[in-house]
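Read through the structure below, which is laid out as C-alpha cells, and then see the notes.
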Amino acid sequence: MKDLRDYLKYLASRGRLLNIYNDVDPELEITAFTDRANRESVYESKTLMFSHVRGSSIPVVTNLFGSLSTLNELFSNSYANELLQNLPSIKAQAGKLSVIRGSKMLIDSKPKVIESQLGKYEQLKSLDELPIAKCWPGDAGKFITFPLVITDSPMDGSTNVGVYRMQVFDNMTTGMHWQAQKGGAIHAKEAKELGKNINVSVVIGSDPHNMVSAVTPLPTGLNEFAFSGIVRGSRTMLMKNGKYPYVPANSEIIINGHVDPTEKRLEGPFGDHTGYYSIQEEYPVFHVDAIYAKKEPIYAASVVGFPWHEDAVIGQFIFDFLKPVIKATNESIVDVYLPPEGIFTNMCFVSMKKRFPGEAKKVMFSVLGLGQLSYTKIIAVFDDDIDIRNLRKVAWALATRVEPQRDVQIITNATADSLDHTTNYSAFGSKLLIDATKKTREEGYSRDWPDTISLPKALTDEVEKKWKSLKG
Ligand SMILES: Cc1cc2nc3c(=O)[nH]c(=O)nc-3n(C[C@H](O)[C@H](O)[C@H](O)COP(=O)(O)O)c2cc1C
C-alpha cells in the first residue's frame, strides 16, 4: 500500500470504512462518533472518515486500526512474521539461520532516501489550519493524537519514530508527551548533554506499515522505518527534509520543529486509554518551525478512552506479533497476554510449562526486564492448562492456586508507567508478582496437590454426539 489513500481504498473495498458526510464538531463530536464505532465490536470496528469537520477544509480519519483482521492481513503474511515464528527453530538449526541471512528482504530493509518533495506541498501558516480535535470534556485543550514523531540521535545519528501525543498550547507551540524511557526522550536527553536543541519532524498520515511500526516497541537504535520496510515487503521511501529528520515520502502532513531539552511546561489533563484523565505533569515543549500539507491532505487521529478503543487492537496485535521474541528467550513460556482491561502496561498474564522449582519467578523477572514490559505493574504466571485469554479461567486459577503468604510478592521502588495515577510519584512505584502455578514439594508445599476434575474425553465426545440428537 503506497500511502494512506491506498489504505483507505483497501478498507473501503472490504466494507471497513464508514464515510461521515455530516457537519461534525472537532470538539468532542469526533470522539463521540469514534467511541460509538468502537462499541460495535471489540476487535472489528470500522474506520471513520469525516469529510466536513467544522473550522477546517481538511478531512479527518479516525480508528484506522480498529480491525484486528486488517492488521493480520497487513502484517501476518509478511516475511517478518515468518522470521519471528521461526525464531525457536532458528536457534536449533543453524542451517535455517543461513537461509534467513541470505534473504534479500533483510538486506533490502534499509529505507531508500529521495530528494525533498516539499516543493509539491502547500505551506500552512499555523496549527489553526489543521482539524485538531479536543477529545474529552476535561481535556486541557486540543491534542494531536496520532503524530509520527521522528528524531535522530545527536550522538550516533540513529533514527527513532514514536507516537507521542502533542497538546496544542498555541498555534505554533505544542507539548511533546514522550515518556522518559521512549526513543524520542532518550534522543532529547542526548541533546541536553551536548547543550543543543533537537530538531523534530512530525508526520500526520502515512501508509499503514509506517504508522503501526511507529507504535511498535522496537529497541532504541532499531529504525522503525527499516522495520516497516520488512513488514511491508518493500523498502520504505523517505525524503530529505532540510535540517530535520527524513520523513516518509508519502506523508500527508509534515510539521517541522524543535525541542529545547531544558524547557518544560505543564501538560494535560488528557482523557487517556486508562479510562481516566492523566494527571498534569511537566513535559517538553515543541516549537513549530514550518507546516507542509500535501494537496488535499487527510488528517489522521486516534481516539482513546475507557477500554476498548483502537489502541487496544493495535497493542494486542503488536504484542502477539512480537510474542515469538519473548518465547524464544524463555522456552517454558506457552503464552503471554496483556488484557486490554489491564491497560496493557498494568497487567500481564503468562502461562508456562514449569520444569524446575522457582521457574515461575524466573519467568516473571525475565518478562519484567524486557523493553516496555518493564512498565508492567501486576504480573501473574499460570500453568499451561489455563487459557490466560479467558478471564474466567484466570479468576479460577487465582482463587484456587494462590496462597498469598507464599505466592505473592511486592517489589518496591521500581519503574512504573507514568500513566499510572495510583503511584505516589510519577513513573516510580511497585510491582505485584503472583505465582499461580501449582506448587510442588520442592517449592515448600507440604501436601499432595489435588488433581483437577475431568471426565474421560471418549465419554464426553460420545455424550456430545448423543446430546445433539436429544429432543425436548
Ligand atoms: C494512539 C497512541 C498514542 C500514544 N501516545 C503516547 C504518548 O503520548 N506518549 C508515549 O510515550 N507513548 C505513547 N504511545 C505509545 C508509543 O507510541 C509506543 O510506546 C512506541 O513504542 C514508542 O516508540 P519508541 O519506543 O520508539 O519511543 C501511544 C500509542 C498510541 C497507539
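The values are calculated or read from the model by the stated rules, or taken from the named source; none is laboratory data. Note that this is a predicted model, so its numbers are computed, not measured. Here the Cβ positions follow ideal geometry from the backbone for every residue, glycine too, while neighbour counts run over all protein chains shown.
The set of residues from the range 171-202 being in contact (Cβ under 8 Å) with a residue 40 or more places away in the chain and away from the ligand (no atom under 13 Å from the Cβ) comprises N171, M172, T173, A191, K192, L194, K196, N197, I198, N199, S201.
Against the list (1) within 14 Å of the ligand (Cβ to nearest atom); (2) assigned to a helix (DSSP H, G or I); (3) more than 18 Å from S213 (Cα to Cα), the condition K327 fails is (1). Considering only the range 127-149, I want to know if a residue exists there that is more than 22 Å from G268 (Cβ to Cβ), buried (at least 19 other Cβ atoms within 10 Å of the Cβ) and either in the same structural domain as G275 (by TED's automatic domain parsing) or of a type outside the set (G, A, S) (or both). The answer is no, given that none of the residues of the range 127-149 is more than 22 Å from G268 (Cβ to Cβ), buried (at least 19 other Cβ atoms within 10 Å of the Cβ) and either in the same structural domain as G275 (by TED's automatic domain parsing) or of a type outside the set (G, A, S) (or both). Within the range 219-247, the set of residues being buried (at least 17 other Cβ atoms within 10 Å of the Cβ) and among the charged types (D, E, K, R) comprises E224, R232, R235.
Within the range 305-330, can you find the residues that are aliphatic (A, V, I, L, M) and under 12 Å from the mean Cα position of the chain (by Cα)? Within the range 305-330, A312, V313, I314, I318, L322 qualify.
Conditions tested, residue by residue: (1) assigned to a loop (DSSP other than H, G, I, E, B); (2) closer than 29 Å to V53 by Cβ.
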| site | (1), (2) |
| --- | --- |
| K110 | yes, no |
| G119 | no, yes |
| D128 | no, yes |
| P131 | yes, yes |
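Of the residues making up the range 201-247, those that are within 17 Å of the chain's Cα centre (by Cα) and either assigned to a loop (DSSP other than H, G, I, E, B) or not assigned by TED's automatic domain parsing to the domain that holds V61 (or both) are G205, S206, D207, T216, P217, L218, P219, T220, L222, N223.
Residue count for the range 294-324 satisfying the condition of being part of a loop (DSSP other than H, G, I, E, B) and of a type outside the set (A, V, I, L, M): 10. What about P208, is it under 30 Å from Y10 (Cα atoms) and either more than 9 Å from the ligand (Cβ to nearest atom) or buried (at least 21 other Cβ atoms within 10 Å of the Cβ) (or both)? It is true that P208 is under 30 Å from Y10 (Cα atoms) and either more than 9 Å from the ligand (Cβ to nearest atom) or buried (at least 21 other Cβ atoms within 10 Å of the Cβ) (or both).
Taken as a whole, the structure leaves H187 outside the set of residues that are in the same structural domain as G275 (by TED's automatic domain parsing), in a loop (DSSP other than H, G, I, E, B) and surrounded by 18 or more Cβ atoms within 10 Å (Cβ to Cβ). Scanning the range 1-44 for residues that are at pLDDT 95 or above, more than 14 Å from L64 (Cα to Cα) and of a type in the set (S, T, Y) yields S13, Y21.
Looking at the range 165-174, which of its residues are within 21 Å of K196 (Cα to Cα) and either surrounded by 19 or more Cβ atoms within 10 Å (Cβ to Cβ) or among the hydroxyl-bearing types (S, T, Y) (or both)? The answer is T173, T174.
Mind listing whichever residues of the range 158-170 are within 13 Å of the ligand (Cβ to nearest atom) and aliphatic (A, V, I, L, M)? Result: V161, V163, M166. Just one of the numbered conditions (1) within 11 Å of the ligand (Cβ to nearest atom); (2) more than 23 Å from K112 (Cβ to Cβ); (3) touching a helix residue (DSSP H, G or I) at 6+ places or on another chain (Cβ under 6 Å); (4) of a type outside the set (G, A, S) is not true of P261: (1).
Cβ separations smaller than 8 Å between residues 6+ apart or across chains give the following pairs from the range 248-277 residues that are surrounded by fewer than 21 Cβ atoms within 10 Å (Cβ to Cβ) to residues that are part of a loop (DSSP other than H, G, I, E, B) and of a type in the set (S, T, Y): P269/S278. Within the range 430-464, the set of residues being in contact with a Leu (Cβ under 9 Å, 6 or more places away or on another chain) and not assigned by TED's automatic domain parsing to the domain that holds T415 comprises V463 only.
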